[in-house]
Amino acid sequence: MKKITSAFCLFLFVFGTIGAQAPAWQSQYPQQLSPAKTPESAGLSSERLKRIDMALEDLIKRDLLPGAVAIVVRNGQIAYHKAFGTADPKNGRAYKVDDIFRIASMSKAITATAAMMLYEEGKFTLDDPISKWIPEFKNPKVIKSFSFKDTTYTTEPAKSEITVRQLLNHTSGISYGVIANEERFSAINAKAGIVDLYTTKKVSVAENIKKLAAQPLQHQPGEKYTYGMGLDVMGYLIEIWSGMSFDQFLRSRLFEPMGMNDTYFYLPDSKKERLAPVLQPGKNGAKWEHYPVTFYDPAYPISGAKTWYSGGAGLSSTAVDYAMFLQMLLNNGSFNNKRFLSPYSVYLLTQSNQVGDLWGGDKGDAQFSLAFSVVTKAGQDKGNGSMGKFSWGGYFNTNYWADPKEKVVAVLMKQTQRAPDGGSEALFTRMVYQALE
């Protein structure tokens with residue numbers, strides 16, 4: 001009896017230990033970002049990484065950029081994280097690596113990820129009509145003619161309803177207004193009082209999206225790729241599906257569990273001094289000056305009513321926080337010992353071709369997934385990075401990419417409008433790839 005009991009205890013110990021072991025995905029992928037002991041330990045050349053310094057310092061010296069913060073991560077190890085130049089010419093404050101930036105359209109990938117988390121909970125299918133939850137979008141109309149004289153227009157019925165997938169892949173026909181470079185919709189959305197990007201006024205997500213639903217579409221749903229406010233509509237759907245405010249959902253389901261402690265729609269007072277001002281080329285001898293209030297207020301993240309949560313453009317973040325988010329995607333959906341998405345959902349977000357040939361496509365340099373521009377074989381052969389590298393950028397000159405093949409995350413944060421630094425993103429990308437061992 002004693003032998004049986006001993007054997008049974010050994011059985012419980014062995015199998016109990018196996019059961020207590022971490023899931024394979026926790027040991028397979030880096031669950032935190034950690035400083036590399038040396039760049040070489042992360043598979044990067046110390047000597048060649050200095051070329052990033054030289055490239056960015058040269059842009060600053062030639063007054064093409066006021067400054068920047070850059071981070072390069074490989075295999076979960078931070079091999080490079082530096083700040084350059086001046087954040088605020090008014091007081092001479094230099095950029096710091098923990099500065100906070102308005103990331104604008106870099107918000108879209110986070111919103112799409114949040115949506116896919118609810119997709120995995122069965123809240124919707126990708127081809128559901130959005131009018132199922134937002135009845136104002138029922139029976140959409142497509143613009144037919146437009147009068148520039150008095151901004152009146154005629155419409156025709158859409159051939160089909162707008163789907164969730166079309167919001168994510170920018171084929172819904174829902175247009176931006178002011179930033180669309182499309183005079184008709186700039187006038188239409190402005191007349192309707194729709195917020196394109198930011199506002200310090202008291203505007204709710206539901207209010208703005210319901211106004212948007214009453215406007216005509218730029219084209220038939222699914223027939224063209226039109227970069228627009230689909231991800232803002234998605235923010236409202238996330239509120240409906242989750243029963244939380246969009247801000248609350250991101251904070252409780254994504255940012256806090258992941259450790260993205262510096263990512264917000266609206267910054268707390270304790271962190272507002274870290275927000276980099278938006279700069280533009282100066283006048284009257286000044287190299288750089290603060291960008292003025294235009295159709296948006298650059299003070300948006302720290303002042304005003306703080307009620308509008310833009311899924312397409314509203315977040316502010318740091319280079320390291322955004323690198324955590326990208327690392328989670330490289331980890332096939334896991335980070336900080338938590339699973340946020342399944343590997344297949346990550347594939348849909350970061351690798352799949354969701355718009356065919358409407359945007360690049362398989363024969364182009366890049367295709368569009370549910371959230372990103374994705375480098376194709378043709379793009380790889382042209383020098384745009386590895387096939388499968390996914391990326392996007394933001395209105396205030398912020399850029400990022402992640403390469404699943406090389407296991408690299410790269411983020412370049414700037415905060416400018418009208419800066420003559422065209423090509424800084426491509427230059428930074430080239431400097432990162434040439435440093436790989």
Protection proxy (average C-beta count within 10 Å per residue), highest first, orders 218-229, 49-60, 324-335, 143-154 as 324-335, 218-229, 49-60, 143-154
Ordered by number, the trypsin sites (Lys or Arg not before Pro) in the range 258-313 that occupy a DSSP loop and have at most 13 other Cβ atoms within 10 Å are K283, K287
One checks the Cα atoms of the range 242-311 and finds Rg and Dmax, in Å, of 15.5, 53
In terms of the alpha carbon gyration tensor, root eigenvalues a ≥ b ≥ c, rounded if a/c is under 1.5 and otherwise prolate when a/b exceeds b/c or oblate, the range 125-218 is oblate
A convex hull over the alpha carbons of the range 59-191 yields, per residue, a volume in Å³ of 204 Å³
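Kirkwood Rh over Cα pairs of the range 191-268 into Stokes-Einstein at 10 °C, 1.306 mPa s: D in µm²/s?
Calculated translational D: 110 µm²/s.
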So for the chain, using the alpha carbon gyration tensor with a ≥ b ≥ c as root eigenvalues (a/c under 1.5 gives rounded; past that, a/b versus b/c decides prolate or oblate), I'd call it oblate
Mean Cβ-within-10 Å packing, highest first, puts peptides 410-417, 63-70, 236-243 in the order 410-417, 63-70, 236-243
Per the helix-only model, the chain has a calculated mean residue ellipticity at 222 nm (DSSP H runs of ≥4, -39500 (n - 2.57) each, divided over all residues, rounded to the nearest 500) of -9000 deg cm²/dmol
Counting only residues 5 or more apart in sequence or on a different chain, those whose built amide H sits under 5 Å from that of L217 are K141, V142, I143
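Quick note: the coordinates plus some simple rules give every number you see, no bench work behind them. Here the structure is a predicted model, which is why all the values come from computation and not from measurement. FYI the Cβ positions are ideal-geometry reconstructions off the backbone, even for glycines, and counts take in every protein chain you see.
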